[in-house]
Structure formats: C-alpha cells, structure tokens
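The values are calculated or read from the model by the stated rules, or taken from the named source; none is laboratory data. Note that the structure is a prediction, hence the values are computed from the model and not measured. So basically every Cβ, Gly included, is an ideal-geometry build from the backbone, and we count neighbours across all protein chains shown.
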Amino acid sequence: MHADYVERQYPPIPEIRSIGIIGAGQMGSGIAQVAAEAGFEVKLVDVSEEQLQAALARIDYRLERHVAKGKLTPEEKRAALARIQTGTQLALVAGCELVIEAATEDENIKTAILKALCPILRPDAIIATNTSSISVTRLAARTDRPERFIGMHFMNPVPAMRLVELIRGIATSQETYEAARELAHRLGKVTVMAEDFPAFIVNRILLPMINEAIYTLYEGVGNVESIDTAMRLGANHPMGPLELADFIGLDTCLAVMQVLYEGLADSKYRPCPLLVKYVEAGWLGRKTKRGFYDYRGEKPVPTR
C-alpha cells in the first residue's frame, strides 16, 4: 500500500429516521409518499415552490384514494402528511440520515446537487441516487463519501410499483448496501441488486423494446394503435409500448437510450430518429398533453 494512503474511517451508519428527498417531480413525490406512510420524517426539497405544492397535492390525492379504499384511516392519512416538510433550500435535509437525489435525469444537474449537498450533510449520512441510467460510480466520485453512496432506482409510479433496483458503485460499502436494502424493505419494496452498467436491469431491457416499437412506427410496419394493441393482446403487456413511452416521458426515454448508446457503444441502442423528433417538438407524452397520443381531449387519440 502506498505510504501516504490512509484509509478513511467512517462513523457507524446511523439508524434511519428522517429521509431527505431532492426533487419533487413524479419520482420524488412518490418516494416522499411511501416514506411518510412507512413512518419516516420526510424533508422534500425542490427549487420550485410551485413544484412542491403540486407534489403535496398529488400525495394528498393518492392518500385520499387509499382512505376511500379502506387501506388507510383518515387519521393515518393526516399523520403521513404531517411527516412531510417541504422547502426550496438544501439546508432542510442537513440533519437527515439518508438523502435521496431524485432530480431530472441529467448528469450535470445531479452533479451540481451532490456538490452543494455534501458540505452541509451530516458526516455519517448515506446519499442515494434515484438515477435510472447514469453511472453510480461516477456520481459517487463527485461526492465526499463514495463508500456511503448507492443507487436506489425506484419504479414509476413509486406507490404502486414494488421494485427497487439497488446499484452499488465500485466504492459502495457492504454496510451502505445493507442499510439501503433494509430501508427499501421497510418501505414495502422488493429489491434486486444490479451491477453498475448503463441503465441497470429494467431499463436496459425495457427501453430498447420501446425504442424498437418506435422504429416499427417510424418504418410504417404499424400505426400507433396497431402496435400498442398487438403488444397488449399478443404479449400480454398491461400497456402498449408507445402508451408506456408517453407515460414515462419521451425525453426520459431518449435520455436512457443515449446513455445506453454512448455507454455500450453498440448500434443496436441507437435512439430512433422519430423519438428524437418528438422530443424536439416538445411532445414529451402525458406531461405535455401530446406524445404518441394527444391527451387534450376526453380520451387519448393517436398522433400517427
């Protein structure tokens, strides 16, 4: 061992009682909801106060549906909402034992957040990223605690989907992995471990299928309706691939395909030009009311 190399001694991993979540979009608000329902104190941070209010409204609506179905009592709903604190400043999460970064799937944005987070975070805290495709090892290297850094990839919509992919970076310690796994189980999730390769397991298989469906549309093999109907009834998928792409967000689909294409340097992952075109048009799916379907009327209408 090199003479001036000193192994860092980390304080023991604390018991996780409060969870910081950075990013109050679809994923962040979903993680906040399941954490609050499981009894954790939640600190939800976003640069936009508007986004935070929208997140609280979404959480309130989903919890109200649980009450209507008898899964929660009105008191439990109130208690869960009371456990969520929101703010626009990162300082809100300074005392949390675990912070989950759930910002947009953009490496520059994630890196900027991590760099700002590390100096204010307690030294024994764990940092997790909800990235669906970016290298966990590379993100960990931008922090002051790569051993305490892990990928926790929740599926969308978080309250309904039971899976969490756990991704260890090259430096992630066994203790960090075990703490993240135990936390996911306490949130009622099932975990699988994925190696830190582009897009991990689910998206490595799912997104090329969606991309292929878009190529099928692009080449005129079938229209939107026939492709989605074929996969729903012919492969027993609950949702057709183009409908699913709209649900995920076409910008996210494109971002994952680009990570696969660049990270694995294999032409089979080339994003379909039609997907690029839709993203350039700002037709990103449900969130912008237009994608492979137009959502502006009473029911979705195919756009091709």
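Is at least one residue of the range 204-222 touching a strand residue (DSSP E or B) at 6+ places or on another chain (Cβ under 7 Å), within 26 Å of residue 272 (Cβ to Cβ) and in contact (Cβ under 8 Å) with a residue 24 or more places away in the chain? Checked the range 204-222: no residue is touching a strand residue (DSSP E or B) at 6+ places or on another chain (Cβ under 7 Å), within 26 Å of residue 272 (Cβ to Cβ) and in contact (Cβ under 8 Å) with a residue 24 or more places away in the chain. Among the residues making up the range 80-110, those that are closer than 28 Å to residue 12 by Cβ and either assigned to a helix (DSSP H, G or I) or among the basic types (Lys, Arg) (or both) are 83, 90, 91, 92, 93, 110. Within the span defined as the range 44-52, one or more residues are surrounded by fewer than 17 Cβ atoms within 10 Å (Cβ to Cβ), touching a residue at least 24 places away in the same chain (Cβ under 8 Å) and outside any loop (DSSP other than H, G, I, E, B). Considering the range 223-246, the residues that are closer than 15 Å to residue 292 by Cα and surrounded by fewer than 17 Cβ atoms within 10 Å (Cβ to Cβ) include one that is nearest to the chain's Cα centre (by Cα), namely 239. Kindly establish whether residue 220 is surrounded by fewer than 16 Cβ atoms within 10 Å (Cβ to Cβ), more than 20 Å from residue 125 (Cα to Cα) and not charged (D, E, K, R). Judged against the criteria, residue 220 is a match.
Out of curiosity, is residue 208 surrounded by fewer than 16 Cβ atoms within 10 Å (Cβ to Cβ), at pLDDT 95 or above, farther than 25 Å from residue 41 by Cβ and not small (Gly, Ala, Ser)? So residue 208 does not fit the description; no. Every condition in (1) in a helix (DSSP H, G or I); (2) surrounded by fewer than 13 Cβ atoms within 10 Å (Cβ to Cβ) holds for residue 137 except the one numbered (2).
Of 304, 296, 270, 290, all but one fail to be of a type outside the set (Val, Ile, Thr), crowded, with 16+ Cβ neighbours inside 10 Å and either within 15 Å of residue 213 (Cβ to Cβ) or assigned by TED's automatic domain parsing to the domain that holds residue 225 (or both); the exception is 290.
Applying the condition of being β-branched (Val, Ile, Thr) and surrounded by 24 or more Cβ atoms within 10 Å (Cβ to Cβ) to the range 13-27 and asking which residue is farthest from residue 116 (Cα to Cα) yields 19.
All of (1) closer than 27 Å to residue 151 by Cα; (2) free of Cβ contacts under 8 Å to residues at least 24 places away in the same chain; (3) under 21 Å from the mean Cα position of the chain (by Cα) hold for residue 267 with one exception: (3). For residues that are among the aliphatic types (A, V, I, L, M) and in a helix (DSSP H, G or I), scanning just the range 59-79, find the one that is farthest from residue 13 (Cα to Cα). Among residues in the range 59-79 that are among the aliphatic types (A, V, I, L, M) and in a helix (DSSP H, G or I), the one farthest from residue 13 (Cα to Cα) is 68. With respect to residue 239, determine if the residue is in contact with a His (Cβ under 9 Å, 6 or more places away or on another chain), outside the structural domain of residue 164 (by TED's automatic domain parsing) and free of Cβ contacts under 8 Å to residues at least 24 places away in the same chain. Answer is no for this residue.
Taking the range 182-277 and the helices (runs of 4 or more DSSP H) fully enclosed by it, the elements with 2 or more residues that are within 19 Å of residue 107 (Cα to Cα) are at 202-218, 250-264.
Quick check, is residue 194 modelled with pLDDT under 95 and either closer than 15 Å to residue 166 by Cα or among the small types (Gly, Ala, Ser) (or both)? Can you show your working first?
Numbers: modelled with pLDDT under 95: no; either closer than 15 Å to residue 166 by Cα or among the small types (Gly, Ala, Ser) (or both): yes.
So residue 194 does not fit the description; no.
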